[in-house]
Each structure stands twice: as structure tokens, then as C-alpha cells.
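Presented below is the structure to which this report refers.
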Amino acid sequence: MTWPRGLGYIEAPRLSRQDGTGTAGLPGIVIPFILCPLTPPIPALGGTGRGPAGPCFCNVWMGKEFMRRITVLLVILAAVTGTALSSHGAQSKDDPWREVDRGLYIGEFTPREKSKVNDSKITIVKADPRVYSFKLFCASEHGKIKMTAKEWCQKHNLLSAINAGMYQEDGIRNVGYMKNFGHINNPKLSAAYKAVLAFNPVESVLPEIQIIDLKCQDFERLRSKYQTLVQNIRMISCRQENVWTKQDKIWSMAVFGIDKGGNALLIFTESPYSGYDFAYVLLSLPISIYNAMYLEGGQQANLYFSANDVEFERIGRPISLDVSDRVPAARPIPNVIGIAKRPKRSIN
């Protein structure tokens, strides 16, 4: 930019905002000011007069040249301020996320790989673990009463909830290891399942939430460092590899993921996919997924969300149902992972 004679500028530091891939720079704000010759201080304005190359308050004759400079200055200020504000407040057309509250986003995606049935839409809730806490609720800890995801949210003041995993024939115990602080839902670590969702850390240096990949990480070392642990089937490894066995069977799915920025992803597809195909779908989406584990499938799969006047429920469908058919009622489930807002605190 060529500046009018007598004007200088300062470029302020670039701003940052969080988007689907981490942080993206916003334009630096250019602040113009009048350059003037060395003048005596002006006590009424607190001025000091800094010389010919610096900003200062100056005694300038109120003539045409001064008014011209002021007009140019105001035009430039309006332009750069408007640009900065619009960049900060507007959502990019390419940004798939809708921010419902600070650190809480929802996204709806239509992948290139279409399902054989229904509309192929995938719903994802993204939560920043610095702003939101994660909670495990088990029927085994709460009177053995099973509820839908919506009912779990309403009873325990959660913003969102999703299946915590598949359950055994007794309808209560998780198929893999599951503990919540002092409560043990299933004490047995399954050799077949290679992912453990961990949250409620005992040390502040640990991630608030992570999916421990038993093929990449030392689970025995990390086991005692988290108060809540939920074991399930690994879908996407720590190397962003699809580790699901190829198969033809398809079903609706609830999945938990972590993105490369450490955000939690509650993922749901009503449209049926095979686990193998859906892992590839997730890797293809613009969500920066780091790793993921399977939670539940079929009509038992359930996701509920309600925050700031945005409410929806996703329920697994029978494969025979077309998108235009009536969605079946949500089924009560024994274990859910929920999201709640933390008390306000500063984010580093």
C-alpha cells in the first residue's frame, strides 16, 4: 500500500481463531497515524512530541491540507477496521463447522463415498476439552436403569451424549474394560479390542481426553493416570490408518474420535456403512481426525445434542428403512459418554 505523505502505520500482530484444522491466522490490523515535525508537548492531550518519524499530537493549522489528511485517515481506519471485524466474525464458506457455543461445534457432512441406503449424511459434535468436561454414566452405577441418550442428558444436565460402547448379554456391562473413578463396570481388559478412551486425568500435564491405542502406547503406564477408561474396537490407528477388517455387512454407527488439535468428536451416521468403509470415509472428511474407535451400531446407536436452542437426536435405523421412512424410537442404553461445560477458566 502507498501511504499519503504525512501518514505512517503500525501493523498489529496477527490474530488467531480456531477452525476445523487448529488455528488459522486472521489479517493483521494496520493502524495509521499522522506524522508531524517535532513539536512541544501538549499537556492538555498528554502529548510529548516524538520527532519527525514517530506518532505525536501536533499543533497543525486547521487548513485544507490538515482536513485532507484527516479525511484520508478516517477512510483508511474504516476500511481496515471493517476488514478485521468481518474476518473475525464471519464463517468461511469452506468451514464445515457451526459454532454453537465457545469451543462447541456441530458439523454435517455428505461424503463422496455414498451409503447404499438413505442420504449418507454424517453428524459430528466437536468439543474443546479445555472448555468441556466428559462424563461416563453407567446403569450399573445408577440403579441399573437404562435410558435413551436424551434421557441421560436431561437427568444429568449434559449438553450431548452418545453410546459408551457395546454391551454384553446382561444388558449392563460393556464388552471391554470400563471404569469410572471407583466404579468398575467391567474389570476385564479384552485382548480383542485395541482402543481405550481415557478422560479425567490425575495429572494436569496429561491430555484431558485421548484414545489410547494399545498398539502404539503403553496402556499399563497410562492406566493409573486416568479416572475414566472405556475400551472398545479400534477403527483408525494413531498413524491414521484404517484398521477395520473388510466386510460386506452395513449398519448405522456411533463412533468416538479425537482430532489432531485434541478436540473430541462424537460421530454418528444414520445411513449404514461397513466399519471398513466408514473408517475410510472419516479419513476423507475435512475434520483432521487423529484416531477413532467404534462405539455402537444398528438401532441401539444413539446421539443427542441440545445447546443454545440447537437440538437434535440421531437414532440408528434398520437397514430396510429409506430416508423418507419414519425413524424408529430411540432405545434405552446402559452406558453413555456425556459432555458438560466446565466452570469458566482461562484457556492457555
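Of Lys155/Lys341; Lys116/Lys246; Lys121/Lys246; Lys155/Lys249, which ones are farther than 25 Å apart at the Cα?
With Cα atoms farther than 25 Å apart: Lys155/Lys249.
Each label point is 7 Å from the Cα along the Cα-to-Cβ direction; what then is the distance between the points at Phe312 and Thr245, in nm?
Here the answer is 3.3 nm between the modelled labels.
For a quick protection proxy, order the peptides 283-292, 169-178, 244-253 by their average other-Cβ count within 10 Å, most packed first.
Taking the mean over residues of other Cβ atoms within 10 Å, the ranking is 283-292, 169-178, 244-253.
Taking 7 Å along the Cα-to-C-beta vector as the label spot, tell me the Glu220-Lys121 distance in nanometres, rounded to one decimal.
So the two model labels end up 4.8 nm from each other.
Every number in this text was worked out from the coordinates using simple rules, so none of it is lab data. In this text the structure is predicted, and so the values were computed from the model without any measurement. We place every Cβ from the backbone using ideal geometry, glycine too, and count neighbours over all the protein chains shown.
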